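The values are calculated or read from the model by the stated rules, or taken from the named source; none is laboratory data. Only a predicted model underlies this, so the values are computations on that prediction, with no experimental measurement involved. Ideal geometry is used to build each Cβ from the backbone, glycine not excepted, and the neighbour counts take in all protein chains shown. All accessible areas refer to the heavy atoms of the entire protein, side chains included, with ligands and DNA or RNA removed. Shrake-Rupley method; radii C 1.70, N 1.55, O 1.52, S 1.80 Å.
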Amino acid sequence: MTRAIAPGPRGQLLLGMLPVVRRDPLRTLHRAAMQFGDVVRMRFGVVTAHMISGPEGVQHVLVENARNYGKQTRGFLKLREILGNGLLTAEGESWRRHRRIAQPAFHRQRLASFADTIVREAGRTADRWTELAATGEPVDVAREMARLTLQVIGRTMLSRDVALEADRVGGALTYLLHAANLRMSRILDLPQSLPTPGNLRFARALRTLDGVVQEIIAERRRAADRPEDLLTMLLESSDEETGERMSDTQLRDEAMTIFLAGHETTANALAWTFYLLSRHPSLGRALRLELERELTGKPSLSQLPQLTLTRAVIDEALRLYPPAWLISRSVTQDDEIGGFHIPAGSIVFVSPFIVHRDPRIWENPEGFDPDRFAPERAATVPRGAYFPFGAGPRQCIGASFALMEAQLVLATLWRRFRLDLVPGHSLEPDPSITLRPRHGMPMTVRRWAGYGSD
Ligand code: HEM
């Protein structure tokens, strides 16, 4: 095996690349990939990391040699403080077993039953937007989408109306993600047990979320008539060998994971989609025409295959603004990628954001061009070049769910409204755990009819 050391920026003497990457991760990593190539070596304090950005290397880490790349990274350790040992953060046998149990909740037949719920919830947002359109008052679309997707995940996976809790839960989640992200990039992370103001606030936000989730579980345990959803599946599952059922802690971790992983990402994807459509009005009009032409009545699952532009718009938004913008792994055994040595105990990361903007793969990478994902062209994208949902065994379990949800929400809302960015608001991506708009996304809701295109 080669011992060749990959090239990379030197960074500062003690902290290496930590300060620069912390200050401006997207630009720094993009530049490093352009300057040093597909395998870039970086040091973050005492930790050695490699950024892999060639499609073959990405496939190697996430798919072909996935067993060698675990989740013992600082990022996942921080996420574990919130999510415990749920599907996203667990490893080994316990992950495999839970994935097996949860998988049927995401099968195609099950998804069909969720479509109506999604359209109904999107319809509620549309009704509220009708009033907003009349007043012209701007609305934070990022927040609107978070509320909508939280409600959808509550209804479909936990059969629960979380509308009343949405603001409380949403606020707590936002804070926890923000805090976890800060801790991740700190050089010295004070133990969670110290009663610092930050730690106390973190503990409080976690208690809020825990309270909601524990209540949902307790209610479900008591229920004589249980709905057929993910929570019931988890509750009634038992270990094939020991017959053991999931404990309350395991259920809590899984429910919390689905709560978080299942709404924040999709909300961001939709917010960025609206942003891009607002900046490309002719595409926005083309999308509206498709919806007018293809939809009879409300959007439904069976109509989705006809909505090819709707789907391509979402695929392209996920290329430019992949909500899970960075995927990190810990290296178990020495390996070799692209002719370079990858030592055991180091960290490897792949970034959809960086790979999705590589000019060697994508023509005019910064251009918003849904045509790249037109049905006849989508298959030409090389493996490892486009992975908003990750790849391999740890690929997103909710990918089909998310795509269906995004299409149905976009179709429902865009058919009735277009959204204009509020002028003068500086909009930039905030690459924390997910890629969200840093200061929200204020937009004005406009009815199409008022613009003579009905
Ligand atoms: C646009 C929306 C979404 C995006 C971009 C996204 C992205 C991702 C990515 C990149 C991963 C892999 C992480 C890794 O390899 O370390 C992942 C995993 C996961 N996602 Fe998603 N996701 C989305 C929506 C959803 C939804 C709707 C759900 C659930 C309803 C969900 C649940 C999960 C879970 C449970 C995992 C862990 C799977 C495992 O390791 O077995 N995600 N997601």
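For segment 399-444, the candidate set comprises residues that are within 16 Å of the ligand (Cβ to nearest atom) and free of Cβ contacts under 8 Å to residues at least 60 places away in the same chain; within that set, the residue that is surrounded by the fewest Cβ atoms within 10 Å (Cβ to Cβ) is 399. The numbered conditions (1) within 14 Å of the ligand (Cβ to nearest atom); (2) surrounded by 19 or more Cβ atoms within 10 Å (Cβ to Cβ) are all true for residue 40 except (1).
Within segment 78-85, at least one residue is under 22 Å from the mean Cα position of the chain (by Cα), more than 27 Å from residue 362 (Cα to Cα), at pLDDT 90 or above and not in a helix (DSSP H, G or I).
Considering every residue within segment 291-306, establish whether at least one is in contact with an Asp or Glu (Cβ under 8 Å, 6 or more places away or on another chain), within 16 Å of the ligand (Cβ to nearest atom) and at pLDDT 95 or above. No, segment 291-306 contains no residue that is in contact with an Asp or Glu (Cβ under 8 Å, 6 or more places away or on another chain), within 16 Å of the ligand (Cβ to nearest atom) and at pLDDT 95 or above. Assess whether residue 135 counts as being without any contact (Cβ under 8 Å) to a residue 40 or more places away in the chain, within 19 Å of residue 124 (Cβ to Cβ) and among the β-branched types (Val, Ile, Thr). Yes.
In this structure, is residue 122 surrounded by fewer than 18 Cβ atoms within 10 Å (Cβ to Cβ) and more than 13 Å from the ligand (Cβ to nearest atom)? It is false that residue 122 is surrounded by fewer than 18 Cβ atoms within 10 Å (Cβ to Cβ) and more than 13 Å from the ligand (Cβ to nearest atom). Per the conditions (1) open to solvent by 50 Å² or more (accessible area, probe 1.4 Å); (2) modelled with pLDDT under 95, the sole criterion not satisfied by residue 73 is (1). Residues in segment 83-105 that are near the ligand (Cβ under 9 Å from one of its atoms), within 17 Å of residue 235 (Cβ to Cβ) and either of a type in the set (A, V, I, L, M, F, W, C) or surrounded by 17 or more Cβ atoms within 10 Å (Cβ to Cβ) (or both): 86, 87, 98, 102, 105. Selection of first residues in segment 92-114 that are closer than 20 Å to residue 400 by Cβ and of second residues that are near the ligand (Cβ under 10 Å from one of its atoms) and of a type in the set (S, T, N, Q), restricted to Cβ pairs under 7 Å at least 6 apart or on distinct chains, gives the following pairs, ordered by first then second residue: 106/400; 111/400; 114/156. Looking at 115, 32, 66, can you tell me which residue is within 20 Å of residue 345 (Cα to Cα) and out of contact with any His (no Cβ under 6 Å at 6 or more places or on another chain)? Unique residue meeting the criteria: 66. Suppose we keep only residues that are surrounded by 20 or more Cβ atoms within 10 Å (Cβ to Cβ) and within 10 Å of the ligand (Cβ to nearest atom) within segment 48-70. Which one would you say is farthest from residue 383 (Cα to Cα)? Of everything passing the filter in segment 48-70, 69 is farthest from residue 383 (Cα to Cα).
A Cβ distance below 9 Å, combined with a sequence gap of six or more or placement on separate chains, defines the contacts here; from segment 153-167, residues that are more than 12 Å from residue 105 (Cβ to Cβ) and open to solvent by 30 Å² or more (accessible area, probe 1.4 Å) reach residues that are basic (Lys, Arg) and within 14 Å of the ligand (Cβ to nearest atom) in the pairs 161/155. Scanning segment 236-280 for residues that are open to solvent by 10 Å² or more (accessible area, probe 1.4 Å) and more than 16 Å from the ligand (Cβ to nearest atom) yields a count of 15.
A quick yes/no check of all residues on (1) within 12 Å of the ligand (Cβ to nearest atom); (2) among the charged types (D, E, K, R); (3) open to solvent by less than 20 Å² (accessible area, probe 1.4 Å); (4) assigned to a loop (DSSP other than H, G, I, E, B):
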{"position": "319", "(1), (2), (3), (4)": "yes, yes, yes, no"}
{"position": "348", "(1), (2), (3), (4)": "yes, no, yes, no"}
{"position": "359", "(1), (2), (3), (4)": "no, no, no, yes"}
{"position": "367", "(1), (2), (3), (4)": "no, no, yes, yes"}
{"position": "383", "(1), (2), (3), (4)": "no, yes, no, yes"}
{"position": "397", "(1), (2), (3), (4)": "yes, no, no, yes"}
